[in-house]
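*Asks:* Here's a structure for you.
Quick note: the coordinates plus some simple rules give every number you see, no bench work behind them. As the structure is a prediction and not an experimental result, all values here were calculated from the model. A quick note on method: Cβ atoms are made from the backbone with ideal geometry, for glycine too, and the neighbour counts reach across all protein chains shown.
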Amino acid sequence: MGYAIAMAKGFAPATERNRQPTLDVLRRVLPPTGLVLEVASGTGEHAIFFSEQLPALRWQPTDTSSEALRSIGAWVADTARDNLLAPLELDVRSPRWPLAEADAVVCINMIHISPWESTEALFGGASKLLGGGSSLFTYGPYRLHGEHTAPSNAAFDQSLRSRNAHWGVRDIDDLVELGERTGFALEEQVGMPANNMSLVWRRDA
């Protein structure tokens with residue numbers, strides 16, 4: 001059983017590089033208690049780390065990929081932590097999400113590797129789940145006022161678009177406009193490792 005769990009677990013090298021700086025921001029912007037919905041949890045490693053470091057919060061990982069859900073499930077089973085919930089399947093584009101409400105939403109490294117419609121659906125879905133004053137946290141590479149923040153991000157953007165024409169590094173200005181349409185204001189942007197940023201969005205009261 002232990003071998004099967006180990007085989008199912010996924011590993012993302014970037015997680016170890018960004019998890020502590022990301023946690024430093026989350027400690028400030030997440031509520032002291034409540035339910036955090038993590039969208040596009042990937043391997044599940046962030047969920048493991050954040051649920052351990054933030055024990056007063058219940059952490060709900062999700063993903064749309066069956067492979068990711070197997071990895072998350074393996075990590076969750078191996079960890080057996082009360083505040084870390086079993087993963088749920090969630091495609092943000094679905095009109096019905098598997099939760100009716102949450103106290104915060106966290107989305108790491110999804111926006112640039114999905115179509116723009118998924119980002120619209122993320123903000124729209126989060127606006128239905130979250131009450132006034134709640135936070136939506138997004139992390140990844142972004143452009144600012146039409147310009148890349150580093151040459152490596154420009155190369156990464158080109159690589160993404162060559163793999164899928166609907167992917168790409170999004171501009172914060174476009175996200176701000178989307179936030180205004182869905183009831184979110186950009187409260188803070190924080191520089192992160194490897195020319196990424198943490199963006200903290202606050203739901204209108």
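*Asks:* At 10 °C and 1.306 mPa s, what whole-number value in µm²/s does Stokes-Einstein give for the translational diffusion of region 18-62, with Rh from the Kirkwood sum over Cα pairs? If you can, show how the numbers build up before the last one.
*Replies:* On the way: Rh = 10.6 Å.
Once the numbers are plugged in, D ends up at 150 µm²/s.
*Asks:* Sticking with this one: With a bin width of 5 angstrom, please list the P(r) values of region 5-103 as percents of all Cα-Cα pairs, from the 0 bin to the one holding the largest distance.
*Replies:* Histogramming region 5-103 at 5 Å steps yields 2, 14, 24, 25, 21, 12, 2 percent.
*Asks:* Here's another thing I want to ask about it. Could you give me the ³J(HN,Hα) list for region 130-137, computed from phi with Karplus coefficients 6.51, -1.76, 1.60 and θ = phi - 60°, whole Hz, x at Gly and Pro?
*Replies:* Each residue's phi maps through the Karplus curve to give 8, x, x, x, 6, 10, 10, 10 Hz.
*Asks:* Also: Of the trypsin sites (Lys or Arg not before Pro) in region 5-108, which ones lie in a loop per DSSP and count no more than 16 other C-beta atoms within 10 Å?
*Replies:* ARG81, ARG93, ARG96
*Asks:* Residues with beta-carbon under 12 Å from that of THR33, excluding THR33: net charge, scoring Lys, Arg +1 and Asp, Glu -1?
*Replies:* So the environment of THR33 carries a net charge of 0.
*Asks:* Starting from a Cα-only point model with no solvent, please compute log10 I(q)/I(0) by Debye for region 54-166 at q = 0.14, 0.18, 0.22 1/Å.
*Replies:* Log10 of I(q)/I(0), two decimals: -0.71, -1.07, -1.31.
*Asks:* Can I ask one more? Report P(r) for region 63-121: all Cα-Cα distances, bin width 10 Å, range 0 to the bin holding the largest distance, values in whole percent.
*Replies:* Going out from 0 Å in 10 Å bins, region 63-121 shows 18, 48, 30, 3 percent.
*Asks:* While we're looking at this one, here's another question. Taking the Cα atoms of region 110-205, what is the range of coordinates along each of the three principal axes, in descending order and whole Å?
*Replies:* The Cα atoms of region 110-205 stretch 39, 25, 19 Å along the principal axes, largest first.
*Asks:* To one decimal place, what orientation-averaged projected area in nm² is obtained for the convex hull of the Cα set of the chain?
*Replies:* 10.9
*Asks:* Something else: Could you work out the relative contact order of the chain, using alpha carbon pairs under 8 angstrom and six or more residues apart, expressed as a whole percent?
*Replies:* 19
*Asks:* Nothing charged except the Cβ atoms of Lys and Arg (+1) and of Asp and Glu (-1): what's the magnitude of the dipole of the chain about its Cα centre? Round to the nearest 20 debye.
*Replies:* Using Cβ point charges on Lys, Arg, Asp and Glu, the chain gives about 280 debye.
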